[in-house]
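Working notes, beginning with the structure itself.
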Amino acid sequence: MPLGPPSSAVHLQNATPGFVSTPGRTPTSVTVHPVALFSILDHYLRRTDAQERVIGTLLGTRSDTGEIDVRSSFAVLHSETAEQVAVDMEYHHTMYELHHKVNPKEVIVGWYSTGSNLNTYSALIQNFYTQETAPHQAIHLAVDTGVVEGEQAGVRAYVSSPVGVSPKPENAVFVPIPCELLFKETERSGLDLLASASSTLSSSHPSTDLDILERALRSVSDMLDRVLTYVRSVLAGEVKGDPAVGRYLMDTLGSSAEDLEKGGFNASLQDTLMVSYLANLVRSQAEISSRLALTSAAAS
């Protein structure tokens, strides 16, 4: 789902020694996982009173089509004053090496900062991460926490691009690119727990497997009720049928009906019962063996 409204920002990027031009494919979109987003927000909550914003490194993967998948992030120590900005590069490299040992598939894809303001220091940091991600382009993720009055919470992604007849490092534009939040099915229970905790004053507890199954069955039942209501309305002539919806329902429910007719459900149920029976049998044998061993030890 979109994380923020479309926006644009133009910024002049200062030249620094060792600037590397990135001929790699330009990122076309950014997908942010909840783990990375929560890590950024946690970093923002732990900031000092003197810090107006925090920065960090984004880790993830790249696709051949230019899609960036941001899976995790880590904080980077830095300080900003009216005169200068300092970034602990050694700390950044150490943290990346440690993370790379655990997740070798994740590489540096860019950096993040809290707040929506792009200033001169943002250009300097962007230049540093451009060298870290070469020959690919680095992305910048601007996370607006919404604590400042008049600003809307959201996340925006940018890439820097040179402008002019003869492109130079000091002439660049920050171009916004699409940014979305994506979560896996395994993360749904955790997100639902956080959502329920934020909407109620009472304490929330992790859902059991039976609770998750019950909610899933209720959700499926509600969707089936909506489908039945729509089909009956179309058959009664109250609503004009949509051919696309009809084809989708045929493709979705047709295969399920064929499996039921062929006995696929019964076969699957028998397999599940067989596995459960074998598991109970092994458990019983292990219990008998342990009791025989105790009896033998006591007799001797």
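The values are calculated or read from the model by the stated rules, or taken from the named source; none is laboratory data. These figures come from a predicted structure and were not determined experimentally. Counting neighbours? That spans all protein chains shown, and the Cβs are built from the backbone with ideal geometry, glycine included. SASA here: full protein model, heavy atoms, side chains in, ligands and nucleic acids out. Shrake-Rupley method; radii C 1.70, N 1.55, O 1.52, S 1.80 Å.
Filtering the range 29-62 down to residues that are β-branched (Val, Ile, Thr) and in a loop (DSSP other than H, G, I, E, B), which residue is surrounded by the most Cβ atoms within 10 Å (Cβ to Cβ)?
Val54
For Ser198, indicate whether it is in a helix (DSSP H, G or I), at pLDDT below 70, closer than 30 Å to Phe38 by Cα and among the polar types (S, T, N, Q). If you could, list the steps in order and put the result at the bottom.
On the way: in a helix (DSSP H, G or I): yes; at pLDDT below 70: yes; closer than 30 Å to Phe38 by Cα: yes; among the polar types (S, T, N, Q): yes.
Considered against the rule, which asks whether it is in a helix (DSSP H, G or I), at pLDDT below 70, closer than 30 Å to Phe38 by Cα and among the polar types (S, T, N, Q), Ser198 comes out as yes.
Scan Tyr121, Tyr96 and give me the residue that is surrounded by 13 or more Cβ atoms within 10 Å (Cβ to Cβ) and either at pLDDT 85 or above or part of a loop (DSSP other than H, G, I, E, B) (or both).
Just a single option satisfies the conditions, and that option is Tyr96.
Looking only at the range 63-76, count how many residues are open to solvent by 20 Å² or more (accessible area, probe 1.4 Å) and over 23 Å from Met89 (Cα atoms).
The number of residues fulfilling the criteria is 5.
Do we find a residue being in the same structural domain as Glu151 (by the TED database), closer than 25 Å to Gln152 by Cα, among the polar types (S, T, N, Q) and in contact with a Lys or Arg (Cβ under 9 Å, 6 or more places away or on another chain) anywhere in the range 106-115?
Among the residues of the range 106-115, at least one is in the same structural domain as Glu151 (by the TED database), closer than 25 Å to Gln152 by Cα, among the polar types (S, T, N, Q) and in contact with a Lys or Arg (Cβ under 9 Å, 6 or more places away or on another chain), which makes the answer yes.
Kindly evaluate Glu97 against the criterion of being assigned by the TED database to the domain that holds Ala142, more than 23 Å from the chain's Cα centre (by Cα) and not hydroxyl-bearing (Ser, Thr, Tyr). Walk me through how you get there before you give the answer.
Numbers: assigned by the TED database to the domain that holds Ala142: yes; more than 23 Å from the chain's Cα centre (by Cα): no; not hydroxyl-bearing (Ser, Thr, Tyr): yes.
Taking the combined requirement at face value, the residue does not satisfy it.
Are there any pairs, at least 6 apart or on different chains, whose C-beta atoms fall under 8 Å, with the first in the range 203-231 and within 30 Å of Ala244 (Cβ to Cβ) and assigned by the TED database to the domain that holds Ala244 and the second at pLDDT 80 or above and in a helix (DSSP H, G or I), and if so, which?
From the range 203-231, the pairs are Val227/Leu249; Tyr230/Val245; Val231/Leu249.
If I filter the range 127-148 for residues that are of a type in the set (Ser, Thr, Tyr) and part of a loop (DSSP other than H, G, I, E, B), do I get at least one hit?
First pass over the range 127-148, keeping only residues of a type in the set (Ser, Thr, Tyr): 129-130, 133, 145.
If we keep only those that are part of a loop (DSSP other than H, G, I, E, B) too, we end up with 145.
For the range 127-148, residues of a type in the set (Ser, Thr, Tyr) and part of a loop (DSSP other than H, G, I, E, B): present.
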